[in-house]
Each structure stands twice: as structure tokens, then as C-alpha cells.
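Read the structure below first, then the notes.
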Amino acid sequence: MIKTRTLETFSNEKDTDFSQQSEVKALKEAISSFRRNLGNDYPVIIGGEKIYTEDKITSINPAKTTETIGYMSKTTQEMAEKAIQTATQTFETWKQVSAEERASYLFKAADLMRQRRHEFSAVLILEAGKNYSEADAEVSEAIDFMEFYGRSMLQLEEDRHYVKSVPTEKNRLTYIPLGVGFIVPPWNFPLAICTGLTVSAVVTGNTTLVKPASVTPIIAYKFVELMEEAGLPDGVINFIPGDSSVMGDYLTGHPLTRFISFTGSKDVGLHINELAGKTAKGQKWIKRVNAEMGGKDGIVIDETADLDKAAQSIVSSAFSFQGQKCSAGSRAIIVESVYEELIEKVIQLTTELRVGNGEENYCVGPVIDERAYNTILNYIETGKKEAKLVLGGAPGNSEGYYIQPTIFIDAAPNSTIMQEEIFGPVLAIAKAKDWEEAIEIYNNTEYGLTGGFFSSNEERIQEAVQRMYCGNLYINRNVTGALVGVHPFGGFNLSGTDSKAGSYDYLKLFSQGKLHTIQK
């Protein structure tokens, strides 16, 4: 089975076809099944030992805030120390396990998740506020990460032999694991990114400390539980939910931490990078930081573009999962000759979006928690002073953290709503005199993650490819929805450390090259 799993045979997992009523029924049954277990307690896991604490994280349903999803035990600093010591000890044996065996755990876990995909979707719907398609696509992405990184490890094992040799020597380059990694996934893709960050480190021979986002810890626990079921040895993944203030800096600065993989806000990412850059007493290495820190992504539309297609892309990129994606197209820059016409199309499409509970498969669900809710509403108030509000701008159903899809037009390039990452259902639209000025406005940001360019002019498209500064540029399509192995994902500037998740080269970030030479 493993021998047939190569990069050449990799294909992305197919999403569920919810036009089939049997699939809808199966998902609803999975939701009902998970709902019967709401309010359960979940443990810390260190070296396979499950530890329940009195101090707990309360996970709630953002679509229905009176509903508690479960209670997650919190890791203390003493427990974090035990976890890193356990991971360090486990590393000594795990690093000696063959690449083929390490990959086999990923493949088995992928098969198990494939069989139970609706169970994972159900947790995402209730804990993260996703609708059917968003939750299901995230499960597909998690499966893709396991399949692709498992195959990539097997390929890396083969490729490591290709170095030149001189007549009197035999040379071999190998890639060996780094050590213990501190894994900090985000809440917006709490299954897919948690899976990707963790298994990329594990399959390359490293051991891990996984700290899930505090608003979505239960779906992360379900992933760790799955890896246990797949037979992964104890101590390879240590699950340490809890407060960043208690253990975030402690583990980032710990001399036994070899690398940190983080996805989240710019401010936290920069803090991690700064702290990791300091050499702790007893530390024997320069720590690596793999950080993805968000974006202020935009779509440029010129007068030759298919305006209907552009409007659909703008709305989908801005408002899917309530704009809570680092790749979300929160800015649109439109040339003035088609500005009014395209705005009308965007507004019309947005008014058709239905806001409500993802459990009932509404297009636009809640934002993640009260803090995000208040932050987004504050940005909307700022936007009202900076630009013209043409749609939305108010809370939705008070049962959860709902905010209406909001559109501002005539936004100045340097305004707050054009510069700062809002991470909510807020779109700012700016006018440009021509396509070249539109690209200048697009580049006017400290971020550089995703971008879009709509045009039918091939010369302009090639200019955009050269001049638009971002890690993922999409021509005449949405700026969200990167596929593993198809659209390696990661950005420039303050969007992160330029790593490309979902690429073959990504695994080298968790490895170090070692050459050995034997003289004949």
C-alpha cells in the first residue's frame, strides 16, 4: 500500500456532494450524535497519559452561545515542562523510526478520517461555526495534508541520495529531524492546519507539543485521538491545551524547543519570532520559526474583466466563512470606468447571502467569539468615518455572534479598513484611475499573502504576475481555497516566513541536511 502512494499518484480528496440527500442525512446524524456528547470533559495528553485538571477551557458554540460544546483541561507550566521532557526523551527513539513507518501512521489516520469525515465535520460545525461545505472542505484538506506529507517524506527519503561524488569518495546527503517542535495552530482552520502543522513535523522524525486554539480545542483533541487510534507511539504528539500566558512564552523560549510552527495574528507571530531569536541558557541551536501571520488580501479588477465572474469572486473571497480566513479578499480595487457597475453587482450578490446557523447550512454564520465580534464591530464604526457604508454594518441574530456582511466603498488606500486585517465579514472597495494604479494600491500594505487580478488582457496579466507582491496570486478566480499539492500556500513580508504549506519542499523546514563522505 505504501509503495503505491507516491507524489505522482496523489490527488486531492473529493468533497462531499451535498446535493445527495443521503449525505445530508448522514451529516445531520453525525451532528445529532456529537450533540449527545456535549458538555464532556477532555484531557491534556502527555506521553499517552490523559490528565484531567480542575481548571478548564469552556468551548461554546458561536452560533448559539448558550450551548457548551465541552470542557478542556488546562495545562499548567509544570505540566508543560513534563511535556517537553517527555517529547525530548521520545525523540531519541522516534528519530530512528524509518520514513516508511512514520508515513504509514499518516496514511492510516487519513483512511480513518476518510471513513468518519462527517463526524469531524459535525464538530467543526458546532465548535467553529462552519456550514456544511466549509466544514467538509476542511476535513478534505486535513486528509490531503496527511496523504501529501506522507508521500513527500517517502520522496525525500529517495531524493536524499542524489549528490555528486569524486572518484576517491562516496558522498551521501541525508535529511535528519530537528527535535522537539512547539505547534500552535489557529482557530479558523482548527482541524486542517492543526493536522498539517503537526504531521509535517512528525513524519520528518520530530516530536511535538500541540497547543490548540482555546476557542476550538475539541476538534484538535479529536485529531490527536485519531492519531492515537492509528497507532502513533505515545509521546510523539503531546497535547497541551491551555493559556498562552501560562506556557506560550515558556515553551517558545525553552532551551529544549527546537522549532515553533505557528499560524495566527501578526502581533503574536512577531512576538514568537523575537523570543525564539534569543538563545536560552543551555540551548545548542538556532531555533526555527515557521509562521503564517495573516494578510490584507485584495483583488484588482480592470475594465476588460468579466465583471459577473469578478463580482462572484469578490463576494465569495470576502464573505466565505465570514471573512475569517487569512486569504480572505477583504479589499477590492476597481478601475473607475467599471467601478459603479461592478459595485452594483457585488452588492446584489451579497444581499442574496443568508445569515444564520451553519448547522442549518446558512451561507454566512457567526464569527468565532465575543472578542472577535466586538473587534469587528469597532472596525465597522471606524469604516463609517472613513468610507461610505453601502450594505450591512450591523449585528445579526443575537442568539450567536452574527454580523451582517458589510461593504464600504470609496475607501482611501491608506485608510484603516484598507490597511488593517479585520478578520470578519467586512469588504472595503477602492477606486483606481487605471489598472496600473490599482496594482499600486494593492501593493500598498505590509502584508503579502494572497491576491487576485481580473483581466482579459494577456499583457496586463503578465505585468500583474510580475508586479503584484504576494505569495499566492490568482488570475480570474477566487483568492481563497488553496489546495494541498496544487497551490502551495504562504506569503511575503508580515504575512509570514515565506514557507509554502502543502508543498514538497515544506518538509525540509523540519529537517536539517547532513552530508557524510567516505574516502575509498
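Taken together, the values in this text are just the output of simple stated rules run on the coordinates, not laboratory data. In this text the structure is predicted, and so the values were computed from the model without any measurement. Cβ placement follows ideal geometry from the backbone for every residue including glycine, while neighbour counts extend to all protein chains displayed.
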Open item on the list: Expected output is a single nm value to one decimal: the length gained when fully extending between Q312 and S456, i.e. 0.36 nm times separation in residues minus the C-alpha distance. What is it?
Closed with: 50.2 nm
Open item on the list: Explain nothing, just compute: Karplus ³J(HN,Hα) = 6.51 cos²θ - 1.76 cosθ + 1.60, θ = phi - 60°, for every residue of the stretch 212-226 in order, whole Hz, x for Gly and Pro.
Closed with: x, 4, 5, 8, 9, x, 6, 5, 5, 4, 4, 5, 4, 4, 5
Task: Backbone N within the stretch 159-202 under 18 Å of label point (7 Å from K520 Cα along the Cβ vector) - done: 162-173
Task: Share antiparallel - DSSP beta bridges, the chain, percent rounded to 5 - done: 35 percent
Open item on the list: If you take every residue apart from F259 with its C-beta less than 9 Å away from the C-beta of F259, what net charge results, scoring Lys and Arg +1 and Asp and Glu -1?
Closed with: +3
- [ ] Given the peptides 218-228, 503-513, arrange them by the average over their residues of other C-beta atoms within 10 Å, most packed first.
- [x] 218-228, 503-513
TODO: Could you list which residues have their amide H under 5 Å from that of D243, counting only those 5 or more apart in sequence or on another chain, with H placed in the peptide plane?
DONE: T75
Open item on the list: Take D234 and D505, extend 7 Å from each Cα along the Cα→Cβ direction, and tell me the distance between the two endpoints in nm.
Closed with: 4.1 nm
Open item on the list: With θ taken as phi - 60° and the coefficients 6.51, -1.76 and 1.60, list the Karplus ³J(HN,Hα) couplings across the stretch 353-365 in order, rounded to whole Hz; mark glycine and proline as x.
Closed with: 6, 9, 9, x, 5, x, 4, 9, 6, 6, 5, 10, x
Task: Packing-based order for 260-268, 403-411, 372-380, using average beta carbon neighbours within 10 Å, highest first - done: 403-411, 260-268, 372-380
TODO: Mark the label point 7 Å from the Cα of I51 along Cα→Cβ and return the residues of the stretch 244-279 whose backbone N is within less than 13 Å of it.
DONE: 247
Task: Too-long pairs where the Cα-Cα distance tops 18 Å, listed order kept, from K296/K345; K74/K222; K266/K325 - done: K296/K345
Task: Among beta bridges that DSSP assigns inside the stretch 297-484, antiparallel share in %, nearest 5 - done: 15 percent
Open item on the list: Let me spell out the model: positive unit charges on the Cβ of Lys and Arg, negative unit charges on the Cβ of Asp and Glu, origin at the Cα centre of the chain. What dipole size does that give, in debye rounded to 20?
Closed with: 1800 debye
Task: Pair Q85, E100: separation of 7 Å Cα→Cβ label points (nm) - done: 3.7 nm
Open item on the list: Quick check on my link table: of K385/K431; K28/K130; K95/K281, which ones sit more than 21 Å apart, alpha carbon to alpha carbon?
Closed with: K95/K281
Open item on the list: For Q404, what residues show an amide H to amide H distance below 5 Å, using hydrogens built from the backbone and excluding near sequence neighbours?
Closed with: G393, A394, G396
Task: Check: the stretch 6-99 dipole with +1 on Lys, Arg Cβ and -1 on Asp, Glu Cβ, in debye - done: 300 debye
Task: Candidate aspartates and glutamates for bridging to K25, where Cα separation is under 13 Å - those fewer than 8 sequence places away on the same chain excluded - done: D17, E119, E359, E360
- [ ] Give the label of the value calculated from the structure for Rg and Dmax of the Cα atoms in Å, choosing from (i) 22.5, 70; (ii) 28.2, 97; (iii) 23.3, 76.
- [x] (iii)
TODO: Pick out, from C470, I343, V367, the residue whose Cα sits farthest towards the positive end of the charge dipole of the stretch 297-484, with +1 on the Cβ of Lys and Arg and -1 on the Cβ of Asp and Glu.
DONE: V367
Open item on the list: Using the Karplus curve 6.51 cos²θ - 1.76 cosθ + 1.60 with θ = phi - 60°, what ³J(HN,Hα) values do you get for each residue of the stretch 282-296, in whole Hz, with x for Gly and Pro?
Closed with: x, 6, 10, 8, 8, 5, 9, 10, 10, 10, 10, 10, x, x, 10
Open item on the list: Below 20 Å, Cα to Cα, which aspartates and glutamates can K508 reach? Residues fewer than 8 away in the same chain don't count.
Closed with: E8, E92, E100, E101, D144, E147, E157, E158, D159, E292, D498
- [ ] Straight distance only, please: which aspartates and glutamates reach the Cα of K278 with their own Cα at less than 17 Å, same-chain residues fewer than 8 apart left out?
- [x] D249
TODO: Can you work out the PRE-style zone for V166? Point 7 Å along Cα to Cβ, and I want the residues of the stretch 487-520 with backbone N under 13 Å.
DONE: 517-520
Open item on the list: Quick query: amide H of E67 versus all other amide H atoms, modeled in the peptide plane; which residues come in under 5 Å with a sequence gap of 5 or more or a different chain?
Closed with: N61
Task: Net charge dipole size for the stretch 438-518 [Lys, Arg +1 and Asp, Glu -1 on Cβ; Debye, nearest 20] - done: 340 debye
Task: Acute angle (nearest 10 degrees) that the helix 307-319 long axis makes with the longest principal axis of the chain, alpha-carbon atoms - done: 60 degrees
